[in-house]
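*Asks:* Let me begin by handing over the structure; questions about it come next.
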Amino acid sequence: MNKDKGAQGERAESLPVAPSLSPALESVRIPDERPTVALRDVALAGVAVLVALGAAVIAQVLTRLIGLITNLSFYARVSTAFSSPTTSVLGAWVIVVPVIGGIIVGIMARYGSAAIRGHGIPEVMERILFARSRIPARVTFLKPLSAAIAIGTGGPFGAEGPIIASGGALGSLVGQALSITADERKILLAAGAAAGMAATFGSPISSVLLAVELLLFEYRARSVITVTLAAVTATAVRIAFAGTAPIFAMPALAQPSAAAILTYTVMGAFMGLVAVGVTRSVYWIEDQFERIPTHWMWWPAIGGLVVGVVGYFAPRTLGVGYDNIQGVLSGTIVGRALIALLVLKFISWSIALGSGTSGGTLAPLFTLGGSLGALMGTAAMALLPSLGVDPRLAALVGMTGMFAGASHAVLTSVVFAFETTRQPAGLLPLLAGGSCAYLVSLLLSRHSIMTTKLARRGATIRTEYTVDVLSAIRVGDVATREVISLQASQPVDETRQWLVSGTPDSGHQGYPVVDADGRLRGLVTRRQMMTKQPSDVQRVGDLVTSPPVVVFEDTTLREAADLMVRERVGRVPMVERENPQHMIGIISRSDLLAAHARRLAEATEAEEGITVPWRLWRRPAGESGSQERA
């Protein structure tokens, strides 16, 4: 047995490659060293642009379909113009319309696809995480149709959730038709979803951020570039149909003072608390529907009854409510009307959503957050006028804080509020308020309104993005340089006796095999050597039947780990890149595990400084994992 430093001693020169020695030396199997982007990614981006065009068309069709159903249901006229049920003169018959819509949606869900139930984004996340980004083709058609029926008959939802789900379904469908990987299909799905949101609100940047924070679960160049091009394409289509004006135009805001910014920050923290309460209320209501002794097909009709009754007394609660958001932000809805909108919209929306009908959550959350923010801003202006709080900016902060706290997508929330209003004076309060809402929400609840449903099904959802520690460390930094190797000419029987001798070097599960000149022949496992072999296998070198699996000094541990998984080996020789027969070390699975020691130490071991004895400052052990002793 050879115990080598760097491979059969320190060599002054690299050995020449001798491919004629054995077929196993004609090639080596090395890690995949994928570039940041490749020509294949260019083609993927081109497909994503086509998906975005389709998603943008779906958004326009859905918007007009909602208008058509709304006009038919509440005004008995044929028109695709987007209208609100607020001015309907149906009287008490307005109660019946949402019930009919709920019945139709329930039938579609039962006999078409149950995937159309809910507000869309959690269902898309589930398909990404657990179904290799595969969404059934029928969902692409049924989801927007069911949403149009639910919203057009008065459902208090936004159209954006179903459009996002439909765009994602289109991207998944195209990905299933092409011969691509599940990772690439996920990117197309996220591109379609981002295109759907951009086509609805004209907000390309926040659409990209939404895909990153809630759908992609990664931040890589090839995915971000592809999704960005899709969002830009969909926004351009929207501009062709609706122009360039912001969807929630509001009067110009003055630059807030330091005291006002501090007030908005506190408001944002409070919105985080309210967002957690809203999330828990929605799922509590959903649990109550589970106890109803009837098939879930009829639940949307029950939710529709509540929607109709509330809508009879407060017509503003019916429909998507984009005009409500506009009125809250511009300051035209105030006083008792604002309180009624806040309370009754929450009742109508939460019960309807809990019933499992089809509709979005973004617009209702914006309505609730904006209304509560405007009320708090009005109170602050009346009680402490010296603070300089603007109720309109407070509404914008409330809208951002509510969405950030409920969705845990803080960057999406902040940028969305800016893109849809284009108020640069609000950026600093939005960032401060949204971040505090996010902080409070995380302290009180690990899961968001998007991930709670998945968590209840036993899924573990982590939306934190950190650099992979294995991608930041080279093999050469952790590999063992003193390699225990076997000679190719060594008898197998003699090797077996050595393996069971109990010496320190005989306990490994695999050994590199070298020839008399120290050139790498391959690797054999302990199982191979201990298993009875045919009579013609007498030397260790005879056990080497495939090209050696190798890594280089500059190979990352991530690439090495992927190679081990692909080749189903636990130890890989490290060789010179210029001469893959010259072994200079070896890396094992235990070396990969040991590489995490630094990460764990940085996350759990406090450095010298001022000690805070308060127990609240201790980070829970489960947050960064238990630390193993080396």
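*Asks:* Hey, what's the chain come to in accessible area per residue, 1.4 Å probe, Å²?
*Replies:* It amounts to 45 Å² per residue over the chain.
*Asks:* Among all stretches of the chain without exposed chymotrypsin sites (Phe, Trp or Tyr not before Pro) (DSSP loop, at most 14 other Cβ atoms within 10 Å), which one is longest? Intermediate results must be reported in sequence, preceding the final value.
*Replies:* Working: sites that count: TYR219, TYR465, TRP614.
For chymotrypsin sites (Phe, Trp or Tyr not before Pro) (loop position, at most 14 other Cβ atoms within 10 Å), the longest site-free span of the chain is 220-464.
*Asks:* In addition: Roughly how many whole Å is it from the C-alpha centroid of segment 505-566 to that of segment 570-592?
*Replies:* 11
*Asks:* Computing the accessible area with a 1.4 Å probe over protein heavy atoms, can you report the carbon and sulfur percentage for segment 502-558? Can you show the working numbers first?
*Replies:* On the way: 1280 of 2770 Å².
Here it works out to 46 percent.
*Asks:* I'd like the distance between the alpha-carbon centres of segment 326-349 and segment 157-210, rounded to an integer number of Å.
*Replies:* Segment 326-349 and segment 157-210 have Cα centres separated by 31 Å.
*Asks:* Share of antiparallel DSSP beta bridges in the chain, in percent to the nearest 5?
*Replies:* Working: 18 of 24 bridges.
Once the DSSP bridges in the chain are tallied, antiparallel ones form about 75 percent.
*Asks:* Okay, next question. Amide H of ILE584 versus every other amide H placed in the peptide plane: which residues, excluding those fewer than 5 positions away on the same chain, fall under 5 Å?
*Replies:* MET574, VAL575, GLU576
*Asks:* On the accessible surface of segment 290-384, probed at 1.4 Å, how many percent belong to carbon and sulfur atoms?
*Replies:* Values: 2510 of 3480 Å².
It is 72 percent, rounded to a whole number.
*Asks:* Any idea what angle helix 96-111 forms with the longest principal axis of the chain, computed on alpha-carbon atoms, 0 to 90 degrees, nearest 10?
*Replies:* It works out to around 20 degrees.
*Asks:* Quick one, which of [x] 1.01; [y] 1.11; [z] 1.14 is the actual Rg/Rh (Cα atoms, Kirkwood Rh) calculated for this model?
*Replies:* This structure yields the entry labelled [y].
*Asks:* Which cross-chain or sequence-distant (5 or more) residues have an amide H under 5 Å from the amide H of GLY158, H modelled 1.01 Å from N in plane?
*Replies:* Here the answer is GLY360, THR361, LEU362, ALA363, since their amide H atoms fall under 5 Å of that of GLY158.
*Asks:* How large is ³J(HN,Hα) for each residue in segment 176-184, as worked out from phi by the Karplus curve 6.51 cos²θ - 1.76 cosθ + 1.60 (θ = phi - 60°), to whole Hz, x for Gly and Pro?
*Replies:* After applying 6.51 cos²θ - 1.76 cosθ + 1.60, I find 6, 7, 9, 8, 10, 7, 5, 4, 5 Hz.
*Asks:* Additional query: Can you grab the distance from the C-alpha centre of segment 353-374 to the C-alpha centre of segment 394-430, Å, no decimals?
*Replies:* 15
*Asks:* Related question: Enumerate by residue number the GluC sites (Glu not before Pro) in segment 567-599 meeting two conditions: DSSP loop (anything except H, G, I, E, B), and at most 10 other Cβ atoms within 10 Å of the site's Cβ. Could you put the intermediate results ahead of the total?
*Replies:* Values: sites: GLU567, GLU576, GLU578; in loops: GLU576, GLU578.
The qualifying sites are GLU578.
*Asks:* Helix 221-242 against the longest principal axis of the chain: what's the angle in degrees, Cα atoms only, rounded to the nearest 10?
*Replies:* Taking Cα atoms only, the helix is inclined about 20 degrees.
*Asks:* For segment 579-592, in order, what is each residue's ³J(HN,Hα) by Karplus, 6.51 cos²θ - 1.76 cosθ + 1.60 with θ = phi - 60°, in whole Hz (x at glycine and Pro)?
*Replies:* 9, x, 8, 9, 7, 10, x, 8, 10, 10, 4, 5, 5, 5
The values are calculated or read from the model by the stated rules, or taken from the named source; none is laboratory data. No experiment lies behind these values; they were computed from the predicted model shown. As a convention, Cβ positions derive from the backbone with ideal geometry for all residues, glycine included, and neighbour counts pool all protein chains shown. SASA here: full protein model, heavy atoms, side chains in, ligands and nucleic acids out. Shrake-Rupley method; radii C 1.70, N 1.55, O 1.52, S 1.80 Å.
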